[in-house]
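What follows is one structure encoded as structure tokens, with my remarks underneath.
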């Protein structure tokens, strides 16, 4: 999929605005002498001006202008609230801050997908003495997901009820079930290691008030652009193995390549084969110790799953790969014994 420069700039300014919004506090409820919140508000104003300037520049692109207009309104409202706070006008600051919160929510591309619908009429009406029920079907959100099962990876349209976070789907292409967990991003920490990244997601479950922490090590080295309140889908096999993280707000996805995986060798020998021990030992004890080796590991974990899927579907290729890896394995074990 081709991504234009306007879309890249929009994602960049959306991430900057998201990080800024997370730093803006609620205005104080009462006045006090030498209030530190006034100095904090004053200190945040240059950042609001900077991000607002970035958003205005992005808005010149006709393709993304409608998407960034509400973001600009939210930035201006937050700036107004900070000015009122810095000047001690707390009532005006409170009104502007609440308006900024509403604009911030409405500016988010997927916020309306998980918004709670209006409440149905009461089950029992005291005024008339009649019981009633809501005949309307539960509202559904339609999203694009990729099948996380090995050998499929087909993209398709799926519908889910936004009142709960966990769902079980069946891929229409391979007819294999998979599991999905939906949540709004609250925070993301990324720890860069020598040949992998540690991702720590904090998400608010869709449909509940619960907050969940999801963390894993990913070895391909790929980036995963995401901003606060983005709608994410964590896709698992039925064996509860996390395979893909999908950002439904910007359409980006990340295939999870575990740091302990050995994709092509596993495809050739099978999971749990004793030959895998030697290959993993060579990776950890030799390749990780050089820059060139770490680069090879990152490339392997990025493209290895696709190569392994291709090998699994072709028995002759699998036999050839196995033949070659057996000889590599003999050399590795011979050098260990020497």
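Laboratory data are not the source of any read-out in this text; all were calculated from the coordinates shown. Just so it is clear, the structure is predicted and the values come from calculations on it, not from any experiment. Because the Cβ atoms are built from the backbone with ideal geometry, glycine has one as well, and the counts that use them run over all protein chains shown.
For residue 202 and residue 63 in the same chain, what is the full-extension length gain: residue separation times 0.36 nm, less their Cα-Cα distance, in nm?
46.9 nm
How would 192, 68 line up from fewest to most surrounding beta-carbon atoms within 10 angstrom?
If I rank by nearby Cβ atoms, fewest first, I get 192, 68.
Pop a pseudo-label 7 angstrom from the Cα along the beta-carbon direction at both residue 331 and residue 23 and give the gap in nm to one decimal.
5.2 nm
Could you tell me the calculated FRET efficiency between residue 53 and residue 192, based on Cβ-Cβ distance and R0 = 41 angstrom, to the nearest 0.05?
The pair residue 53/residue 192 has a calculated efficiency of 0.90.
Grab the Cα-Cα distance for residue 152 and residue 289, subtract it from 0.36 nm times how many residues apart they are, and report the gain in nm with one decimal.
Residue separation times 0.36 nm, minus the Cα-Cα distance, leaves 45.8 nm.
Quick check on packing: order 174-184, 302-312 by the mean number of other C-beta atoms within 10 Å, highest mean leading.
Sorting 174-184, 302-312 by mean packing, highest first, produces 174-184, 302-312.
Subtract the Cα-Cα distance of residue 70 and residue 164 from 0.36 nm times their separation in residues, and report this length gain in nm to one decimal.
So the extension gain works out to 31.0 nm.
Given Cα pairs under 8 Å that are at least 6 residues apart, what percent is the relative contact order of segment 140-255?
Dividing the mean separation by the residue count of segment 140-255 yields 22 percent.
Modelling each spin label as a point 7 Å along the Cα-to-Cβ direction, I'd like the residue 314/residue 30 distance in nm, to one decimal.
The answer from the label model is 7.5 nm.
Over all distinct alpha-carbon pairs, what is the Kirkwood Rh of segment 140-255 in angstrom?
Radius from the Kirkwood sum: 14.5 Å.
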